[in-house]
Structures are given as structure tokens and as C-alpha cells.
1. Return yes when Thr41 is in a loop (DSSP other than H, G, I, E, B), surrounded by 13 or more Cβ atoms within 10 Å (Cβ to Cβ) and either more than 16 Å from the ligand (Cβ to nearest atom) or under 23 Å from the mean Cα position of the chain (by Cα) (or both) and no when it is not.
2. Check whether at least one residue in the range 166-176 is away from the ligand (no atom under 13 Å from the Cβ), touching an Asp or Glu at 6+ places or on another chain (Cβ under 7 Å), over 29 Å from Ser79 (Cβ atoms) and without any contact (Cβ under 8 Å) to a residue 24 or more places away in the chain, and report yes or no.
3. Can you name the residue in the range 91-109 that is more than 8 Å from the ligand (Cβ to nearest atom) and part of a helix (DSSP H, G or I) and is also nearest to Phe273 (Cα to Cα) among such residues?
4. What's the number of the condition Pro312 fails, among (1) in the same structural domain as Leu87 (by TED's automatic domain parsing); (2) out of contact with any helix residue (DSSP H, G or I) (no Cβ under 6 Å at 6 or more places or on another chain); (3) closer than 30 Å to His365 by Cβ?
5. Just the residues that are within 16 Å of the ligand (Cβ to nearest atom) and either out of contact with any Lys or Arg (no Cβ under 8 Å at 6 or more places or on another chain) or of a type in the set (D, E, K, R) (or both), please, taken from the range 212-241.
6. For the condition hydroxyl-bearing (Ser, Thr, Tyr), more than 17 Å from Val304 (Cβ to Cβ) and in the same structural domain as Thr161 (by TED's automatic domain parsing), what is the one hit in Ser79, Ser106, Ser92?
7. What single numbered condition from (1) out of contact with any Phe, Trp or Tyr (no Cβ under 8 Å at 6 or more places or on another chain); (2) surrounded by 14 or more Cβ atoms within 10 Å (Cβ to Cβ); (3) in the same structural domain as His314 (by TED's automatic domain parsing) fails to hold for Leu87?
Amino acid sequence: MTSRFSVVKVGPPIEVFAVNKAYLDDTSDLKVNLSVGAYRTDEGKPWVLPVVRKTEKQLADDETLNHEYLPVLGLDACSSAATKMLLGADSSAFAQGRAFGVQTLSGTGALRVGAEFLLRQLKYTTFYYSSPTWGNYIAEQNLEPEGELELFQQNHHLLFTNAGFTEPRQYRYWNAETRSLDLDGFLEDLRAAPKDSVIILHACAHNPTGCDPTHEQWTQIADVIEERQLFPFFDSAYQGFASGDLEKDAWAVRYFADRGFELLCAQSFAKNFGLYNERVGNLTMVVKDVGDLLAVKSQLTLIVRGMYSNPPNHGGRIVATVLNNPQLLEEWKECVRTMANRVLDMRRGLKERLERLGTPGTWDHIVTQIGMFSYTGLSPRQVEHLTQKYHIYLLKSGRINMCGLTTKNIDYVAKAIHETVVEISENTINKL
Ligand code: PLP
């Protein structure tokens, strides 16, 4: 009898996991991992935030807690605190009861629940995501000889098409020549978008470019979204982590909400709480009319019920406990600042070293970009060289996680980048 599964074709590898595996398999003492999407300490270790550890101990000792199912839409104490953290304590949408949250399976789960809702209930079929966006699946066979990457799948694309959206489109975002935002291209693409297109916007610390619009640019983006009657769906995976300041990193979402937009926002607590594997997130929804809420919530309940029934407790309980306790909240904010400052230090350190070495090209973008990631401008061939000769692992797009740098390896990495850029100067935006 033949196997019915023989029709299944091997899918493309998920680059970030493949690179991480190659790093783990490398036996060299020199190896450096700049590929992962998670925070690392200056010792190169994962960090359990002290406030999280403390809260976990309290929860473990609390005999009033049990393992009963959570409600389908999650812990209200978690989702309302998360919504407030996003929109701000003085948000009129929150005060008027026009904003609420659904506790989800991290940021990815929030994006998926939101996409399912927009498709099923509002019948939206077209979505736009930034070029590039987070999570590239790269066709290895297309890397040579030209070093051209074919980005044939990106996470927003995968999530929304899996939810059933039929019209995936990209808007221009990154100008590789200037290593900055392509605002004109972005606005032009938005102007051409059909009414009711869902526009996925990175709330802050754009992944992978580390390049965010300025306040003035956000205003222009909002103008076009309003004029063209598009629907903004924010993806907020780095609130607090980007600048160290929760308020600053929420500026764009708050601006849209205060301006009267109806919107969705997927929040992740993976990075800013270091709760990667607990899968805790929140889907915030802002509506115009409180009268719509009953129906909206009932439909969201059916969507979640049909996907995973209800969310897990542990991460949500931690986030709820910390955000609702002023003392713990302050301790958490301090942790967030520690993480953000370490990233900023590494950015400055790398830029200074490259400039001191006289590395061809300009390196200002390393400090002007924000968040954990930097689009270095290194070409695929240079990336390959860094890996093969120096055991430095990064994504083919040249994206590095600044947290992979430490005070111990930063000199080595800077020197390796310098030698690589000098040796392989063709096909790179950083060439002289
Ligand atoms: N959105 C962006 C832009 C991200 O970078 C990430 C994680 O890297 C996420 C969403 C969601 O991550 P998670 O599902 O782990 O919360």
C-alpha cells in the first residue's frame, strides 16, 4: 500500500532556525551568534527578568490559584492591563470603553485571531505588509551566483494567507540605497490600495530594518490610510524594548487611536517580558461605537474557540500580576531599560569600532536604527564569508541581532566585518 503522505513536498527551511542550528553545530571557540530573535545578556545568556522570577515564585506559593481553564478570551486582568499599557492611562478610547483586549498566543496568535476576525466578519481580503518584514523564508538555491535573495514567504504573508486572505500585497518600506525609510514609495503604495485593505504596520522597532517612521511621517501615513479608507492593523512586538520607554514606543498606535481610527493591534510579551516560550500576547481592538462590542466579542469568542479554545495561564498571570502592581511595574520598567540600554551600547560600540578601523562605507545607520535588529547593509556574499571564515552567524539579508554582541566579542566581530568588507567589496551597498 502506498503512503498517502508521499504527495507532501519538503517545505523551505525557516532561515532563523537553520542558522541557529548551524551555529550550535559549529565547534569553533570563536563562534558568535547574531541571528536569533531573542535578548541575550553580556555573557551571551538568555535572561529571566528578576521581576518575572520573583512573580513566578509568588504564583507558585499562592494556593488560591489552580489549573482551571481560563475564559476563551483569556484573563481579563491581563488583557485590560495590556490594552491600557498600549493605549496609555489617559486614552479616551480606553476610558470610554471603546478599547478592549483578548489574551492570545503571543504576538503571532494575536495577528492570526485578528486576521481571522477581519476576514470572516468584515469580509476583508486584501492585506499589505512592509517590504521587507519579519521572518524571511529564503530560497537557498537563489543565493548564488548573484547574491540575490528571493523572499518568497514572510511571516505576515504566511499568517494572513493561512487565515484565508486572498490578496497579499507589499508596500515599499526600505530604501537600500539610502538605508532609510522609502516614505514616497510607502505612501504611493498606500494611495493605490483598494478600500478596506488591511495595512499591517510595525508599531515600533521595525523588524528587520530597525527603521521607524518619524512622528511627522506617521502623520502622513495616517492621512493616506484615512483618505483611502484602509484598515490599520499594528504589530507591536517591542514596546519598551526599543527605546527603554513604554510611552515613547507606543506613540504611533496612540496617535492613530487618539485620532479616532478603528484599529487592531497585536501585542507580544515575548521580548519585553522575556516570556518567549510562554506565548503570552494580546489583541487590542479599538472601535468607534461601544454598542458594537457585544457582537464583536461574541464572534472573537467563536474564532478562538474554534482554533485553540482558550489561552494558557502561566504567562498571562505573570503579565497581569506585574502590570497591575505598581511596585512590580516599576521593577519591570527597570528591566526593560536594562535590555534597551544594552542594545544601545552595543550599537554605539559597533559603529565606533568600524569607524575607528576605517571600514569602507558609512555606519551611522547602526545607531540610527532602533530595537534589537540592525540591517547592516552587508551583502549575502559578505554574510557567507563572515560565517565561513569567522564563524559569525547572521541572516543572509545582513540582519543582525545586536544582543548577540557582548563586550567580549564586539572587537572580534568589528574586525571580522572590517576585513570582510575590505576583501569582498562587490555587490554591497556599503562599497566605496
Ligand atoms: N511581530 C514582529 C515584528 C516580531 O518581530 C515578532 C517576533 O519576533 C512577533 C510579531 C511575534 O512574536 P511572538 O509570536 O513570539 O510574540
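The values are calculated or read from the model by the stated rules, or taken from the named source; none is laboratory data. Fair warning: this is a prediction, and the values are worked out from it, not measured in the lab. Here the Cβ is made from the backbone with ideal geometry for all residues, glycine too, and neighbour counts use every protein chain on show.
1. The answer is yes for Thr41.
2. yes
3. Once the filter is applied, the top-ranked residue is Phe94.
4. In the conditions (1) in the same structural domain as Leu87 (by TED's automatic domain parsing); (2) out of contact with any helix residue (DSSP H, G or I) (no Cβ under 6 Å at 6 or more places or on another chain); (3) closer than 30 Å to His365 by Cβ, Pro312 misses (3) alone.
5. Asp212, Pro213, Pro232, Phe233, Phe234, Asp235, Ser236, Gln239
6. When all the criteria are applied, what remains is Ser92.
7. The one condition Leu87 does not meet is (1).
Matching residues to (1) closer than 21 Å to Gly371 by Cβ; (2) in contact with a Cys (Cβ under 9 Å, 6 or more places away or on another chain); (3) of a type outside the set (A, V, I, L, M, F, W, C):
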site	(1), (2), (3)
Ile221	yes, no, no
Val224	no, no, no
Glu227	no, no, yes
Ser236	yes, yes, yes
Ala252	yes, yes, no
Tyr255	yes, no, yes
Gly260	no, no, yes
Asn272	yes, yes, yes
Leu275	yes, no, no
